[in-house]
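For reference, the structure discussed in these notes is given below.
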Ligand code: BGC
Ligand code: NOJ
């Protein structure tokens with residue numbers, strides 16, 4: 001069952017009924033001011049940091065889930081009827097409803113009582129404000145007397161404190177109202193130089209800023225007292241819960257259309273110019289009024305919207321494909337790339353499943369997010385790599401997270417996730433391969449942000465490798481620490497006390513439990529750094545890394561191979577995990593993917609065996625499960641993984657992030673049909689028709705799909721912020737379509753379904769645009785035998801990087 005449809009020409013997903021199984025959301029903003037918006041206009045906004053600079057309030061664990069948002073109420077002043085053009089919060093049955101989520105904007109249109117309404121929400125580039133453009137049309141044969149009520153509930157900035165510290169917060173709220181603009185200025189009197197504002201293009205006939213006056217005692221958002229009675233109370237919040245609501249009265253003649261613009265924004269004043277007049281307690285508005293005035297003008301708002309569209313056209317224009325699969329095209333050309341941008345911006349901080357008050361920027365998460373994003377804005381990838389490296393510890397280890405506002409490592413979670421530092425090597429390699437910018441390696445960066453400790457980035461990467469080599473266990477495999485990629489495989493935790501964090505509790509000395517996954521990651525990272533060293537003429541060093549990788553490969557084949565698949569780990573007792581000898585958790589996906597991607601066993605045969613085992617034990621129609629059999633009880637020696645009921649999350653869920661590792665491994669083995677088959681199983685677009693089972697948005701990947709052991713097999717959870725986005729993008733574009741940036745150029749090495757006669761792609765790369773046509777006349781999976789550049793044949797499958805000259809270069813690749 002579908003709840004909408006893809007409109008690919010407009011790059012939108014159009015939702016056709018408001019009661020989607022879960023809130024189907026979108027993101028506004030791509031620079032500093034951001035918002036989450038659901039298909040009913042729910043969600044909230046923040047400036048840079050969703051915890052520390054929350055602009056509007058969101059109430060956690062609400063029922064319904066999607067409550068609190070950018071609400072508008074319409075009231076027919078003659079009949080007294082009122083409704084929400086975005087369905088929520090009144091939930092009055094609308095005669096028509098569509099919500100079009102586009103790239104950086106959402107448009108919700110509806111009709112009720114012969115009033116057609118459309119609200120377009122977006123954030124102009126370069127600004128810290130959001131625009132709500134409301135247009136109303138009277139489709140009656142007679143004039144309509146309407147009142148429009150806007151409503152936003154302000155957050156008292158620190159979202160964590162806002163949700164808990166009521167004894168103080170019920171007394172701090174402050175508001176100013178001037179010329180119809182509502183200014184939220186809680187704590188501006190003391191240590192804040194920022195405020196929020198809510199403005200409107202029409203002169204309001206009333207306003208409310210005290211929530212409980214607007215709503216009335218013991219009433220909710222579905223029927224505010226002000227709306228029900230048809231008039232605001234002009235309340236001024238002093239403490240309690242500041243909101244912004246404008247009342248606009250208008251009469252629309254038959255067929256008349258009117259547009260009203262609302263602006264919700266964030267603004268900072270220089271510390272010494274906070275007040276006007278100086279010495280008063282009144283906000284200095286001189287700095288903000290020009291912005292407000294600008295965007296309340298329709299033509300400026302429209303121009304900003306067109307700029308936003310052009311921005312996305314430009315970004316997505318970096319890579320466009322035309323393949324025989326509509327699901328692949330739509331994801332590569334539009335939604336997967338868009339999701340990569342969102343995950344890059346948000347890391348794992350703010351979604352309907354990530355509260356924005358929990359995690360900062362993950363070290364491994366951000367490093368991986370780069371893989372899907374780097375081709376669109378390499379400069380921002382560069383900045384992210386430098387930020388990450390500056391938080392690295394002198395040991396080469398990494399803070400597991402850092403706070404985006406301060407860019408400093410987060411002490412609460414600390415370090416000791418032993419895979420973390422290795423991802424920085426892969427992220428940096430991806431950046432250099434895309435950009436050809438070797439100078440990044442010379443950037444001098446501190447450790448732990450400590451001035452005076454700066455070394456070139458290259459040394460940070462060296463220390464990353466060294467960190468693993470200095471922490472090898474009894475079998476010579478890397479010690480796992482608190483966890484590796486699988487945050488829930490906590491082999492040193494042994495926690496028996498409710499509420500302890502599985503990630504930070506460590507009851508063991510950490511000298512025994514080893515990870516085969518990190519071993520695979522190490523081999524890959526060491527080989528990558530060897531190439532980097534080699535290119536820098538550090539031949540001996542390159543050889544050392546290659547030797548370390550080779551040693552680790554031997555160790556994996558000796559102690560990390562279970563006979564039919566790669567082992568997952570050794571626990572604190574030195575017992576195997578992910579082995580046929582285990583009672584539960586006999587085979588895990590992650591080491592199969594990573595060891596093969598690192599090249600282990602590709603020539604000696606283990607890789608093929610491992611892939612066959614994945615197919616036999618882990619593959620389901622809904623994707624590949626993380627491990628089998630699921631853990632049926634809690635194991636003290638395994639930690640959080642066994643805390644989940646079977647089939648969910650890390651306990652045998654289909655953890656989508658890892659599926660592309662198998663797609664890539666299959667592609668490396670030359671299996672184009674298998675790789676693409678796995679790709680389609682979790683591709684959101686190809687799951688659209690079963691939205692009642694999948695339940696999450698059909699346009700973006702979710703972190704997890706419930707596994708075979710779950711009661712709700714096939715149900716997706718935790719959409720949007722997941723490493724799935726970047727890895728699927730890499731799998732389809734670089735390994736299946738095979739258009740892969742390398743240090744010296746662009747590799748064209750597709751591994752596709754034999755049934756494909758070919759495909760086309762346009763790829764901007766280092767200042768030129770390659771228009772590529774791949775032909776597959778003999779129905780093969782792989783094997784570019786002929787490569788023509790502007791009609792001239794060149795040897796091999798690598799397009800050597802050309803001088804950047806904005807040239808359009810035609811390429812033909814033939815599989816033979
Ligand atoms: C989740 C993991 C996540 C971790 C982060 C766990 O509860 O299952 O997916 O990585 O928390 O702290
Ligand atoms: C989500 C976390 O953000 C990521 O870092 C981790 O690798 C996966 N969960 C698996 O546990």
Subject >> Matching residues in the range 348-368 - criterion: being in contact with a strand residue (DSSP E or B) (Cβ under 9 Å, 6 or more places away or on another chain) and more than 10 Å from ligand 2 (Cβ to nearest atom) >> reply: 349, 350, 351, 352, 353, 356, 357, 360, 361
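Rundown of residues vs (1) over 18 Å from residue 594 (Cα atoms); (2) within 16 Å of ligand 1 (Cβ to nearest atom); (3) modelled with pLDDT of 95 or more; (4) crowded, with 16+ Cβ neighbours inside 10 Å, yes/no style:
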{"residue": "507", "(1), (2), (3), (4)": "yes, no, yes, no"}
{"residue": "515", "(1), (2), (3), (4)": "no, yes, yes, yes"}
{"residue": "519", "(1), (2), (3), (4)": "no, no, yes, yes"}
{"residue": "525", "(1), (2), (3), (4)": "no, no, yes, yes"}
{"residue": "528", "(1), (2), (3), (4)": "no, no, yes, yes"}
{"residue": "548", "(1), (2), (3), (4)": "no, no, yes, yes"}
{"residue": "555", "(1), (2), (3), (4)": "no, no, yes, yes"}
{"residue": "560", "(1), (2), (3), (4)": "no, no, yes, yes"}
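Condition test on residue 97, is it in contact (Cβ under 8 Å) with a residue 12 or more places away in the chain and in a strand (DSSP E or B)? Before the answer, list the steps.
Numbers: in contact (Cβ under 8 Å) with a residue 12 or more places away in the chain: yes; in a strand (DSSP E or B): yes.
Yes, satisfied.
Which residue, of 586, 609, 576, is away from ligand 1 (no atom under 16 Å from the Cβ), on the phi < 0 side of the Ramachandran plot and without any contact (Cβ under 8 Å) to a residue 40 or more places away in the chain? Quick ask: steps written out before the conclusion?
Values: 586 fails: without any contact (Cβ under 8 Å) to a residue 40 or more places away in the chain; 609 fails: without any contact (Cβ under 8 Å) to a residue 40 or more places away in the chain.
After applying the criteria, what remains is 576.
Taking the range 635-676 as the region of interest, how many residues are under 22 Å from the mean Cα position of the chain (by Cα), assigned to a helix (DSSP H, G or I) and within 14 Å of ligand 2 (Cβ to nearest atom)?
Just the residues of the range 635-676 that are under 22 Å from the mean Cα position of the chain (by Cα), to begin with: 648-650, 653-664.
With assigned to a helix (DSSP H, G or I) added as a condition, the list becomes 656-664.
Filter once more, so that each one left must be within 14 Å of ligand 2 (Cβ to nearest atom): 656-661.
Residues flagged as under 22 Å from the mean Cα position of the chain (by Cα), assigned to a helix (DSSP H, G or I) and within 14 Å of ligand 2 (Cβ to nearest atom) within the range 635-676 amount to 6.
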Original post:
Residue check: is residue 541 modelled with pLDDT of 95 or more and either part of a helix (DSSP H, G or I) or within 34 Å of the chain's Cα centre (by Cα) (or both)?
Top reply: yes
**OP:** State yes or no: is residue 792 touching a residue at least 12 places away in the same chain (Cβ under 8 Å) and farther than 30 Å from residue 697 by Cβ?
**Re:** no
**OP:** Look at residue 337 and say whether it is more than 16 Å from ligand 1 (Cβ to nearest atom), surrounded by 24 or more Cβ atoms within 10 Å (Cβ to Cβ) and part of a helix (DSSP H, G or I).
**Re:** yes
**OP:** Check off (1) within 16 Å of ligand 1 (Cβ to nearest atom); (2) modelled with pLDDT of 95 or more; (3) over 23 Å from residue 467 (Cα atoms) for residue 349 and give me the number that stays unchecked.
**Re:** (2)
**OP:** Identify the single condition in (1) touching a residue at least 40 places away in the same chain (Cβ under 8 Å); (2) closer than 29 Å to residue 556 by Cα; (3) more than 16 Å from ligand 2 (Cβ to nearest atom) that residue 509 does not satisfy, given that it satisfies every other one.
**Re:** (1)
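Which residues, taken from the range 1-33, are part of a strand (DSSP E or B) and touching a helix residue (DSSP H, G or I) at 6+ places or on another chain (Cβ under 7 Å)? Steps first, please.
As a first pass, look at the range 1-33 and keep what is part of a strand (DSSP E or B): 4-7, 12-15, 26-28, 33.
Within the range 1-33, 6, 27 qualify.
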Original post:
Just a yes or no: is a residue in the range 326-334 in contact with a helix residue (DSSP H, G or I) (Cβ under 6 Å, 6 or more places away or on another chain) and within 16 Å of ligand 1 (Cβ to nearest atom)?
Top reply: no
Subject >> Condition broken by residue 32, with the remaining ones in (1) closer than 19 Å to residue 263 by Cβ; (2) buried (at least 24 other Cβ atoms within 10 Å of the Cβ) satisfied >> reply: (2)
**OP:** Give me a count of the residues in the range 463-481 that are surrounded by fewer than 19 Cβ atoms within 10 Å (Cβ to Cβ) and over 18 Å from residue 557 (Cα atoms).
**Re:** 2
Subject >> Failed condition for residue 584, given (1) within 17 Å of residue 568 (Cβ to Cβ); (2) part of a helix (DSSP H, G or I) >> reply: (2)
**OP:** Determine, yes or no, whether residue 159 is more than 35 Å from the chain's Cα centre (by Cα), buried (at least 22 other Cβ atoms within 10 Å of the Cβ) and in contact (Cβ under 8 Å) with a residue 40 or more places away in the chain.
**Re:** no
**OP:** Scan the range 356-366 for residues that are part of a strand (DSSP E or B) and within 12 Å of ligand 1 (Cβ to nearest atom) and jot them down.
**Re:** 362
**OP:** All but one of (1) modelled with pLDDT of 95 or more; (2) within 21 Å of the chain's Cα centre (by Cα); (3) surrounded by fewer than 24 Cβ atoms within 10 Å (Cβ to Cβ) hold for residue 407, so report the exception by its number.
**Re:** (1)
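The values are calculated or read from the model by the stated rules, or taken from the named source; none is laboratory data. Please read all numbers here as calculations on a predicted model, not as lab measurements. Every residue, glycine among them, receives a Cβ derived from its backbone with ideal geometry; neighbour counts consider all protein chains shown.
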